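Have a look at the structure below before the remarks.
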Amino acid sequence: MDFRPTEEQALLRRTVREFAEIEMRPHVREWDEAQHFPTELVTKLAALGLMGIQFAEQYGGAAMSSIDYCICIEELARVDPGVALSIAAHNGLCAAHINLFASDAQKQKYLTPLASGEKLGAWGLTESTSGSDAAGMRTTATRAGQCWVLNGSKTFITHGRVGDTMVVMAVSDRTAGTKGISAFIVEHGTPGMSAGKKEDKLGMRASDTSEVIFENCRIPAEQLLGEEGQGFVNTMQVLDAGRIGIAALAVGLAQGAYEAALAYAKERKAFGKTIGQFQAIQWKLADAVTRIEAARLLTYRAAYLKDRGERTTLESAMAKLYASEIAVKVTDDCVQIHGGYGFVKDYPAEKYFRDVKLTTIGEGTSEIQRLVIARRLLARA
Ligand SMILES: Cc1cc2nc3c(=O)[nH]c(=O)nc-3n(C[C@H](O)[C@H](O)[C@H](O)COP(=O)(O)OP(=O)(O)OC[C@H]3O[C@@H](n4cnc5c(N)ncnc54)[C@H](O)[C@@H]3O)c2cc1C
């Protein structure tokens, strides 16, 4: 067992950190206020390999490991969790689904432009009446000759408006339950596909989120992704890996909040001392850094197992649950340490506090993670 990062991993962290500090930090507040997804950043992210972090070089990817992926997402989230969420959804949901289940021809056609950053990915599972209960989806896919016809809508889709390539789950056989759900690749601009309402969000406002509507949207039969009827089963596998990314996002976000709190504790004075000299503040900082390290270890363990090709349903859910919940606590303490300045936009504390809540909701709520963990434990007994 070796807990040290390799030289390459240390360099990767420094590189992504420097990128985030220079290219993102000066714009964080502006993007948040304007709810602006910085498409202008995508080419620069792509130059670092961050649009295709874990995909093979033959498809334009950077062929990094799952632990490397965590490092990248952490460092983006430390500065702007909204941008990190977008990069996680593009890499860890849309492109990952294609990478895992597409044919070689589909990968050449769809994964290569995604991994090179030429195109932006979206992934549609959630609907207005089915989130946690994803199998209760209503969107249908009906076979019509050499086409599939999609009807329905998807809710809360990251890059629903700005995405170029979307993986969509739909019911292809109503009688077959979860085995009647299939996945499809749909390109932006296909007649019958349109973006609906853009969500006005509490946090993660630099990440585009909207509804996507399908009205008699005809796509060629070769845009079925994976086997017919395997869309839901495949989705669970995509989420096993995706949740490691959200755990890393929560770790990076908590790290950013902790660093902001530490810096403030060293500079703010009360009763003739810096507030960092008060034990009440010291304990918050000590607890924060301990929780973050524990969450990071759980996250890296899940990533390490994924890199070994093992199933990580349990470990991914544990990492996502723990990292997101401690991140909520760390950002809460960060606001508290800032006092009144934690409540205003001149300091980063309030934004971390708003952004963090998504990590206990997206890619499965905390309640669903507990359910997944308990199911795995009971299945073993
Ligand atoms: C910013 C943002 C980005 C997103 N991006 C995407 C995306 O790109 N693609 C996509 O497909 N989805 C996306 N989502 C959707 C997200 O995954 C869902 O919101 C999430 O899974 C929860 O579903 P829901 O909102 O329908 O909540 P519900 O499922 O309605 O849950 C409501 C509450 O009930 C609880 N609950 C539900 N079932 C149970 C149960 N069995 N036991 C105990 N408690 C339960 C939940 O934990 C929660 O507290 C995004 C959401 C947001 C906010």
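The values are calculated or read from the model by the stated rules, or taken from the named source; none is laboratory data. Everything numeric here is computed off the predicted structure, so don't read it as measured data. Every residue, glycine as well, gets a Cβ built from its backbone with ideal geometry; the counts of neighbours run over all protein chains shown.
Odds and ends about this structure:
- Condition met for Ala122 (modelled with pLDDT of 95 or more, more than 23 Å from Ala302 (Cα to Cα), among the small types (Gly, Ala, Ser) and not in a helix (DSSP H, G or I)): yes
- Of residues in region 340-381 being acidic (Asp, Glu) and within 16 Å of the ligand (Cβ to nearest atom), the one farthest from the chain's Cα centre (by Cα): Glu367
- Matching residues in region 268-285 - criterion: being surrounded by fewer than 14 Cβ atoms within 10 Å (Cβ to Cβ), assigned to a helix (DSSP H, G or I) and not small (Gly, Ala, Ser): Gln279, Gln282, Trp283
- Residues in region 170-199 that are buried (at least 17 other Cβ atoms within 10 Å of the Cβ), under 20 Å from Asn99 (Cβ atoms) and not hydrophobic (A, V, I, L, M, F, W, C): Ser182, His188.
- Residues located in region 200-222, provided they are under 22 Å from Asn91 (Cβ atoms) and surrounded by fewer than 20 Cβ atoms within 10 Å (Cβ to Cβ): Lys201
- Boolean, Met236 is within 16 Å of the ligand (Cβ to nearest atom), more than 28 Å from Val356 (Cα to Cα) and of a type outside the set (S, T, N, Q): no
- Ile157, sole failed condition from (1) more than 12 Å from the ligand (Cβ to nearest atom); (2) free of Cβ contacts under 8 Å to residues at least 60 places away in the same chain; (3) closer than 25 Å to Ala34 by Cβ: (1)
- Yes/no for Arg291 being surrounded by fewer than 22 Cβ atoms within 10 Å (Cβ to Cβ) and either within 16 Å of the ligand (Cβ to nearest atom) or at pLDDT below 95 (or both): no
- When we screen Ala295, Ala248, Ala288, Ala265 for residues that are touching a strand residue (DSSP E or B) at 6+ places or on another chain (Cβ under 8 Å) and in a helix (DSSP H, G or I), the only hit is Ala265.
- Filter result for Gln146 (away from the ligand (no atom under 14 Å from the Cβ), modelled with pLDDT of 95 or more and surrounded by fewer than 24 Cβ atoms within 10 Å (Cβ to Cβ)): yes
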